[in-house]
Structures are given as C-alpha cells and as structure tokens.
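Everything below concerns the one structure shown next.
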C-alpha cells in the first residue's frame, strides 16, 4: 500500500477532470465514474488501517526539501472518515442530485473537495497543507452556492469571504514560521520550534493558526459562516461539510499542529478549552430555537465541535496527569469520529425529507414515520446518538470527555458539557416530535419513501451509530487509540523525517 | 454462559425476533415474546433461589486509561425486584395479545417490551453505577418510542417525558461522576462495603443528584409531570407496564440502593427530612389533583404519583419499619396500579373512551373487570385486608416510631382522599345509569382477563398472607443493611401479639360479608326488592341519559368552593404553572432570543467577530504567554 499513498489525492484530482471531459461525450457515465473513484478511495482508506506508520517522499526528494507524506494513526482515521462518508454521500447524490442540473460539474467539485481533504490529512508539509486546504475550501464555496438561488449565493459569498480571511491568516502564519525556522516540513518544524522557544512572533503565529483553523472548524466566535453555508448546500454536501470538512480542515489541522509541532502548552490548552466550551454553549442554544431542519443541524455541528475542541484542549494541558490528558484527547477524537457518522446521517435524512416533502421547515412536517419509515428510523437513531443516549455511539464519547474533565478538576467545564448534552437532547426530541412522530399533515398523505440509493447510505450510517456504540470496547478502541498515540508521540512524528 | 448476562441476552434477542416477523402476523411476534418472557420469569425464579451471584469482565477500559468493569451482581434485593419485573413482563405481554389486536405497529411494540425487560434486568443487576445508568437511559429511550406509538397528542407527551427524564438522567450522570472523582470507584458493592456519609457539599450534591434521578423515574414531585402528560395518549398496557409498575420498581430500587447501601443516611437528619417532605408533598398534592380529573387514565396516573410519596416517605425516613413498608408498598403499588391500568385499558378497548363523563353502568356487562377493579381500588386506598393496607400500615408505624405526627396525619389523609377518588371512579364507570350506546359492550377476551384476575388474586394474597412476602422479600433487604436494627418487624408476623393480624382480621371480615350476603339473599327470596322504571316528571318521561349522575362532579367543590387561593392554585396547576418543565423552558427561551438577536446575518458583523477574536487571541498569546 505504501507505494500507492499519493493516490489518495491523485485519484480524485484526476477523476475530477476526466469526469468533465468524458461527460462532454456521454453524460450517463458520470455517476459511474464518480462511484469508481470514491469506491476505490474508500477501500484504500480501509486497507490503510492495517498499515503501520510510514512516510512517503514525493518524487524521491529527501526531506526537509522534498514534500513528505505521512501516514500514522491519526491520518488513517481521518482518511477513513473522509472517504467512507464521501462514498456514502456520493451514492446518495446519484438520486438526490437529479433535482439539480449539471450533475457532472457537481461530481467534479465534489471530487476536488475530497482531493483537498485527503491532501490535508496526509501531507507532512506546511505549504502543501495550505494548498490542499484551499483546494478543498474553494470547491466547498462553489458547492455551497451550487443551487444558485438567492440564499445559497449569499451564504456562499459569506463563506467565501470569511473562509478567505481564515486562509489568509493561515498563510500568514506559515510565512512567519518559515521566516523564523527556514523550513516548511512539519516534522522538521517540530524539531526547530522548541529551539526557538516562545517569543512574540511565535505567539502571533499561534493566534493566526487558532483563528484560521478555528474558523474552518467553526469555533465560536469564528462560526458565523456555518449556519448559513451548511444548510444552503445540497444535502450530500451539507453532510460532507458538517460531517467531514470542518474536521479535516479545522480540527485535524489544529490537532496536528498543536500536538505534533508545537507540543503541549498550558495557555493554548486553556484557550482551546475555553473556545470549545463557548462553541458548545452558544451552538446549542442557537440550535434549540431553530425551525429550519438543516440550520438546526448546522448549529449543532458548532456545538459538537466544541466538545472535540475541549477534548483536544485538555489533552494539550501539561499540568494534568498524562492519563487524564490522554483520556480527554481520546474522547475528543472519538467524538469527532462519532460526529462524522451521526451528523452526516442527520443531514442526509434532512435531505431525504426535503426531497419528498419539499420543505426544510420542521414544524411543517409531522408523522413522517408512517410514510417514510426507513428515513425516519435512521433519523431517530442518529438523533439519539447525537443526544448522547446509550447504547448509541455519541454517549460514550461524551461520557469520556465529561469524565476526563471532572477527574482533571475542571468541574465547571464538566457540568457545562453535561448541560449541553441535555440541551442537545431537548433539541433533538423537538425535532423528532415535529418531524417523525405526531400527526401526518394532509398534504403529505401520499408521499413515498426515498429511492434505494438514498436509503442505503442512511441505513449504513445508522447501523454504524449503533454498532460503534454497542461494540465500542471491542472494535473502536484500537482505531482511536492509534490516532491518540500518534498525536501524543511527538518523537515518532519527528522520526518520519529520517525514514 | 453466565446466568446474569443470559437473562439480558435472552430478552434482547427475543426483542429482535418480532422485527423479522411479517407485519400481518403480529400475533406470532406476541406469542414468541410471551414465551421468552415466561422463560425469563423462570430464569429469574431460579436466580431468586440461587442467592447472591456476581460476575464481571473488565470489558470497558475508558480510552485505554481508566479501567471500568462491566460488572453484574444479583443481591437479595435486586433478585426480588427482578422477579417482579419479569412477572409483570409476562402479565403485560399476555394482556397485550388481546389489547394490541388490530392496532398498528404491533410487532415492534413487542420488540420494545422485550428490550424494556432486558434493560430493566440490566438496571437491577448492574454492580456499577455507570452500567446502571446506561441501562436506565436505554429504558428512557424505549419509553419514548413506546409513548410515540400512542394516539392523539402522543408526540408532545413523549417529548415532555424524554425531556424530564433526560434531565434527571443528566443529573444522575453528574452524581455518579462526582462519586467517582471523590471516592475513586463507582462499583456498587465496593461503595456498599463502606457507605458514604453525606456530610460534605460534594457528597450531598451527589446524593441529591442521584435522588432526583430515582424519584423522577418513580414519578415523585417535582419531577412528576410527565406521567399525567402521557397517561391519556399512551396505550394502557404501556402505562401499566412502565410508569405504573416497572418505573416504580426501578425508581424505588435505586432509592433503596442509595439510602440503604451506597449512602449512610442518618435517620431524622436533614437529608432524611428532605426525602420525607418530598414524599408527603407528593402524597397530598397528587391526590388532590387526582380528585378533580375527568379522564380515567389521567386520574390513575395522578394516583401513581401520589402513591410514590408513601414509598419515598417510608424509605427516606430511615426507620426500619417504614423502610420495609416503603419497599413493600413499591411491590404492592406495582401490582395494584398495573391492575388498575389494565382495567382502564379493558374499558377503553370495549367502549373506546376513558372519559369518566361518558362512561357508566358497565358493572353488569364487564363483571370481571368490575370485580378486579374493585379489589385493586380497595388495595390502593389502603382498605384492609388488601395488600395496600399492610404496606401503608407499616409506613404509619414507622412515622409513629419516629414521632413524625404531621407526616403521619398527612399520609393517612392522603389515603382517605385516595379512597374518595376511587369511589368516584367506580361509580362513574361501573355504577350509575348506562348510556345506551354501551348496551352492546361485552367483557374483554380471556387473555386480557387473565392478567387482571391474577393481579387481583395477588392483591388479596399479599394482603392476607403479608408475612410471606415480607419475610422472604423485604426483611432480608432491610436487615441486610447492617446498621439498622431489625426490631419491630414482628408486628406483621402472626407469632406475636401484633397490632395487625391479617389472617384473623380477614376471617372476621369474611364472616361479616357472608352474613351480609345471607341476609341479602333471604331478602331476595321473598320478593324482588328492585324496580326499574323510567323517571317521570310533570307528565314527561325523561330519557335515561338525562338522569345519569356522572361521578366527575363528586368533588367539584374542591376546586370551586374552597378559598380563592386554593382554587387559583388548582387552575394554575392544571395549566402547568408549577411544572418545572415549563419554567425552565421559558428561561431557556430568553437566552435563545438574546443569541439570535446577535446573529443578524450581516457579513461585516461576522467579519468583525473574527477579526476581534484574532486580536484577542494575538494579545493573549503574544503578551500573556
């Protein structure tokens, strides 16, 4: 597998353009081409789980001059999230996107986004990371506005401006780092930064990175683009944005840079914990008041990313016992994986309801479990997951984060996390009350379940919610454990330089 | 495989089978579930005889850092609760065979019932507070789906239930983690070996958090309001199973666990007083609300709350007799209250309504339902020799022993009001004149009669032979608590000169009844004492309908003619002004409004947040690092 590692970016990039060319001749093959690309990527990503950590030198150029690709526990988990959720969204799109025109263009943008995200998580080079970040971001700006309606374009524009500011901040930060260390290679940076130590410039770089990647991760107060952008995109894209993009571009980048390059630090730790707690609270309060199904889900993404951010923050703290820091980090990463599963499921459900009822306003729906049993059941399972109800997956990760915080002595954060879990539950109970249960409105008396291509991803994701929850101690532990160890083991990351 | 895990797995797997059965053949699902439930009942009987069993695997290892065992342990207390859980499982599934006939989604209904059994078994067998909480929350989630299978208005009721129980589950989680961080263990048997004395703020908070969880499940005030909300829309069998019996058993089981094993509560101390006050308030306010209800299921649900008060009062007092009474009342309540709800379900099934105003005169048409409901109603009202009396009597004795005269008076008063309320119920449904539309009503089928009859027999049996369940189920638990003396229990056994000797008293009462019947029968021999004629006023023969006396007006004076403060409180109470659910809902709305007003949708606002955020971050990281 090691020799094929660059294919994670090469396949989607190539297929994005092949797809455009081929569909000039024959439009019907576009579904097939996209499926081919995503299926091969997803199966490769799953196979990567069995590889031990390694690094790959692009073009045979030795680091720190050449570009390094790094595969370790964290990047393999990210690759699985990106490509498996990507495959499911793509399958869903085959039917869902028939309501839009220009399906081939959609797939092209979709594959570009995948290429960008895969690039971000496998690269070991700062500038390379920035380039892939921009590829994914620009593709996502276009995808948010894909419907070309007034609201969608407005959302896309806001997202573009705020995202652009964030990208600039990141680029600025990279430039600062380069001027101080003379290298862009990430393992190399991990060696050189401690030699320089803390100074004003390094503090500014940190601030730029936290703001830049924090905006991509939709952390409060940089979250304002998300509640507009995520609901406006077509449903499979919303699922990708909320389920994957904010993690790959935001959380992953923060985790990689803060843990592996800068190393643990009290101040950064408290900032991340504070931002996380703030996002968690603000997001959930805004979500409770929402009528728009997808908008509500978008606010919950902010709130749930808060949990992940908090977990990362405590993991960075050098003053708590290492076991607790590791526990918090584990909880954060686990929650990230779980969130990818249930949030993409929820967005796809929202899309399925919209596909049949034509509305996103949840108060207009009702009793849909009688007409759309599969969509409703999966929506209900995913809702319980995000609410943190056992035996579904969200419960365990939230529990771990809460336990870690309480045991580490951050009682207020722990209680806030419990409160937010409760608020999340209220909001999703309201959702189920409005959409799934209750009285079926007259106008929806004749609607049917969505087509098989849309049901299949929903059922797979809902099954995952339950399976991860029930078999958590058996299966999932090793995966996330490896990701956690990769982050905590800075020496291993530096060693990629030599291999 | 381990016996304890076996029960949970049997129930969980049996819950999957109904999903595989075709929709039309829901009866097959019902029968397989019934077989599984009987099997579980037999298993739990074996376990009950087997005594204490423990089993654990270090299955969970939270994040690879904190060991956390999947530990099960069956103690004497939990095995007898498990016995009753599985018994009610059998009865309710048997009843459902008839009740659910012709209702939609019947297959998945049986799945939910079986999973409920699995989770409830998990709760009582868990030896780790977190495992207990996991099963506890699974129960909440299943209850949510079961309510959502109900009729008109079910979705709001289900949402309210899940919100309240979800909140209390969250407080329980907080309590558990507080114990964990303070004492380093959440294993129940380890905690029980060295009970926590709630003296520091942290331990008191932990106790209150867990206490809230227990009484919310059981339905004590102020977390009671979900039960009346779900009473009307939900299937009667579901209410009979969960809020009326299983949730009571589990809630009070947890309360017992807290007060008898995990925490060392000082009798007469502040926490004990708090629990007793909660208990007494629950008894009185809920029964007052029950008096004025017009819907049978809703009325019964208020009684289900009120009776929890006796259990909390008894268990919370810390006095051995009262604890025994409280725990015995838990069992008795589960028995008679499920019987009452099953009766309500039978009436609903046959007449299509549970509105007391519309019902009447069904005694002749539904004799089995009538008689079983009389017995269960007498039980709940604490009429000797039925089981409710014995347990209440023990609670009263405990109050006497502790010299809590006010609580004693309030408890007895509550019992009297319960009696008054059930006179209204029995009159409204079974006596009085029958509306003509119900002339065709028949008795329910045998599969629905059987559970009701069985429950009625249990009511009588546990009343007359109260010493048997007390000796076998209750006293081992209470005396097992160690520090508490076991003196004073002889009062219910016949060997000593007790205050109450059920068997001889029953014999006397039966003799009295027989004499009464003989006199009545002699009267019948001579001539028919009763004449039926249409009422005649001023030359007009009045229709039957106009001469009906519906029982719903029996206690209108309670709301109308008492002083204005009480009346006002009643109206506010009806509207839900005292409902914590509504109060917190309004508070939350304020925060939401504020946050929404900040998100004005203008790009420059958002951009300025980002830039200001960057500025603050830069300042902190550059100059405060």
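Scanning region A:338-360 for residues that are under 25 Å from the mean Cα position of the chain (by Cα) and surrounded by fewer than 24 Cβ atoms within 10 Å (Cβ to Cβ) yields A:354, A:355, A:360.
Screening residue B:321 on (1) on the phi < 0 side of the Ramachandran plot; (2) surrounded by fewer than 24 Cβ atoms within 10 Å (Cβ to Cβ) shows it passes everything except condition (2).
Residues that are out of contact with any helix residue (DSSP H, G or I) (no Cβ under 6 Å at 6 or more places or on another chain) and either closer than 18 Å to residue B:258 by Cα or more than 10 Å from chain A (Cβ to nearest Cβ) (or both) within region B:134-155 comprise B:134, B:151, listed in sequence order. Is region B:38-51 home to any residue that is within 14 Å of another protein chain (Cβ to nearest Cβ), part of a helix (DSSP H, G or I) and within 24 Å of residue B:345 (Cβ to Cβ)? No, because not a single residue in region B:38-51 is within 14 Å of another protein chain (Cβ to nearest Cβ), part of a helix (DSSP H, G or I) and within 24 Å of residue B:345 (Cβ to Cβ).
Tell me whether region A:248-264 contains one or more residues that are touching a helix residue (DSSP H, G or I) at 6+ places or on another chain (Cβ under 7 Å), within 13 Å of chain B (Cβ to nearest Cβ), part of a helix (DSSP H, G or I) and surrounded by fewer than 24 Cβ atoms within 10 Å (Cβ to Cβ). Yes: one or more hits. For residue B:67, are the conditions met, namely being touching a strand residue (DSSP E or B) at 6+ places or on another chain (Cβ under 6 Å), under 30 Å from residue A:407 (Cα atoms), within 14 Å of chain A (Cβ to nearest Cβ) and free of Cβ contacts under 8 Å to residues at least 12 places away in the same chain? In short, yes. Just one of (1) at pLDDT below 85; (2) part of a helix (DSSP H, G or I); (3) surrounded by fewer than 23 Cβ atoms within 10 Å (Cβ to Cβ) fails for residue B:178. It is (1).
Yes or no, residue by residue, for (1) within 14 Å of chain B (Cβ to nearest Cβ); (2) modelled with pLDDT of 90 or more:
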residue: A:155; (1), (2): yes, yes
residue: A:167; (1), (2): yes, yes
residue: A:170; (1), (2): yes, yes
residue: A:175; (1), (2): no, yes
residue: A:197; (1), (2): yes, no
residue: A:222; (1), (2): yes, yes
residue: A:240; (1), (2): no, yes
residue: A:268; (1), (2): yes, yes
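Taking region A:438-454 as the range and being crowded, with 20+ Cβ neighbours inside 10 Å and more than 10 Å from chain B (Cβ to nearest Cβ) as the test, the residues that pass are A:444, A:450, A:454. Does region A:363-378 contain any residue that is at pLDDT below 90, touching a strand residue (DSSP E or B) at 6+ places or on another chain (Cβ under 8 Å) and more than 13 Å from chain B (Cβ to nearest Cβ)? No, that holds for no residue.
Hey, does region A:341-360 have a residue that's away from every other protein chain (no Cβ under 14 Å), farther than 20 Å from residue B:158 by Cα, out of contact with any helix residue (DSSP H, G or I) (no Cβ under 6 Å at 6 or more places or on another chain) and not in a helix (DSSP H, G or I)? Yes, region A:341-360 contains a residue that is away from every other protein chain (no Cβ under 14 Å), farther than 20 Å from residue B:158 by Cα, out of contact with any helix residue (DSSP H, G or I) (no Cβ under 6 Å at 6 or more places or on another chain) and not in a helix (DSSP H, G or I). For residue B:209, the conditions (1) under 24 Å from the mean Cα position of the chain (by Cα); (2) surrounded by fewer than 23 Cβ atoms within 10 Å (Cβ to Cβ); (3) facing another protein chain (nearest Cβ under 9 Å); (4) in a helix (DSSP H, G or I) all hold with the exception of (3).
Among the candidates B:133, B:83, B:146, B:91, single out the residue that is closer than 22 Å to residue B:330 by Cα, surrounded by 23 or more Cβ atoms within 10 Å (Cβ to Cβ) and modelled with pLDDT under 90. Working first, answer last.
Working: B:133 fails: modelled with pLDDT under 90; B:83 fails: surrounded by 23 or more Cβ atoms within 10 Å (Cβ to Cβ); B:146 fails: closer than 22 Å to residue B:330 by Cα.
Answer to the check: B:91.
So, residue B:56, is that one out of contact with any strand residue (DSSP E or B) (no Cβ under 9 Å at 6 or more places or on another chain) and touching a residue at least 40 places away in the same chain (Cβ under 8 Å) or not? Considered against the rule, which asks whether it is out of contact with any strand residue (DSSP E or B) (no Cβ under 9 Å at 6 or more places or on another chain) and touching a residue at least 40 places away in the same chain (Cβ under 8 Å), residue B:56 comes out as no.
In region A:309-321, what residues are touching a residue at least 60 places away in the same chain (Cβ under 8 Å) and within 14 Å of chain B (Cβ to nearest Cβ)? Answer for region A:309-321, where residues must be touching a residue at least 60 places away in the same chain (Cβ under 8 Å) and within 14 Å of chain B (Cβ to nearest Cβ): A:309, A:311, A:312, A:314, A:315, A:320, A:321. No other residue among A:470, A:435 is more than 8 Å from chain B (Cβ to nearest Cβ), at pLDDT below 90 and crowded, with 24+ Cβ neighbours inside 10 Å apart from A:435. Give the residue that is farthest from residue B:92 (Cα to Cα), with candidates limited to residues of region B:450-460 that are surrounded by fewer than 21 Cβ atoms within 10 Å (Cβ to Cβ) and in contact (Cβ under 8 Å) with a residue 24 or more places away in the chain. So, considering only residues that are surrounded by fewer than 21 Cβ atoms within 10 Å (Cβ to Cβ) and in contact (Cβ under 8 Å) with a residue 24 or more places away in the chain, the one farthest from residue B:92 (Cα to Cα) is B:460.
Considering each of B:170, B:120 in turn, give the residue that is in a helix (DSSP H, G or I) and free of Cβ contacts under 8 Å to residues at least 12 places away in the same chain.
One residue alone meets the criteria, B:170.
Looking for something in contact (Cβ under 8 Å) with a residue 60 or more places away in the chain, within 14 Å of another protein chain (Cβ to nearest Cβ) and surrounded by fewer than 19 Cβ atoms within 10 Å (Cβ to Cβ) - is there at least one such residue anywhere in region A:380-398? No, because not a single residue in region A:380-398 is in contact (Cβ under 8 Å) with a residue 60 or more places away in the chain, within 14 Å of another protein chain (Cβ to nearest Cβ) and surrounded by fewer than 19 Cβ atoms within 10 Å (Cβ to Cβ).
Note on region B:428-441: residues that are in a helix (DSSP H, G or I) and surrounded by fewer than 18 Cβ atoms within 10 Å (Cβ to Cβ) amount to 2. Is at least one residue of region A:64-83 surrounded by fewer than 20 Cβ atoms within 10 Å (Cβ to Cβ), touching a strand residue (DSSP E or B) at 6+ places or on another chain (Cβ under 6 Å) and closer than 19 Å to residue A:253 by Cβ? Yes: region A:64-83 contains one or more residues that are surrounded by fewer than 20 Cβ atoms within 10 Å (Cβ to Cβ), touching a strand residue (DSSP E or B) at 6+ places or on another chain (Cβ under 6 Å) and closer than 19 Å to residue A:253 by Cβ. More than 13 Å from chain B (Cβ to nearest Cβ), assigned to a helix (DSSP H, G or I) and modelled with pLDDT of 90 or more, is that true of residue A:329? The answer is no for residue A:329. Check region B:90-112 and report whether any residue there is away from chain A (no Cβ under 14 Å), in a loop (DSSP other than H, G, I, E, B) and touching a helix residue (DSSP H, G or I) at 6+ places or on another chain (Cβ under 7 Å). Yes, region B:90-112 contains a residue that is away from chain A (no Cβ under 14 Å), in a loop (DSSP other than H, G, I, E, B) and touching a helix residue (DSSP H, G or I) at 6+ places or on another chain (Cβ under 7 Å). All conditions but one from (1) within 16 Å of residue A:421 (Cβ to Cβ); (2) away from every other protein chain (no Cβ under 14 Å); (3) buried (at least 24 other Cβ atoms within 10 Å of the Cβ) apply to residue A:299; the one that does not is (2).
The values are calculated or read from the model by the stated rules, or taken from the named source; none is laboratory data. None of these values were measured; they are calculated from a predicted model. In this analysis, Cβ positions are derived from the backbone assuming ideal geometry, glycine residues included, and neighbour counts consider all displayed protein chains.
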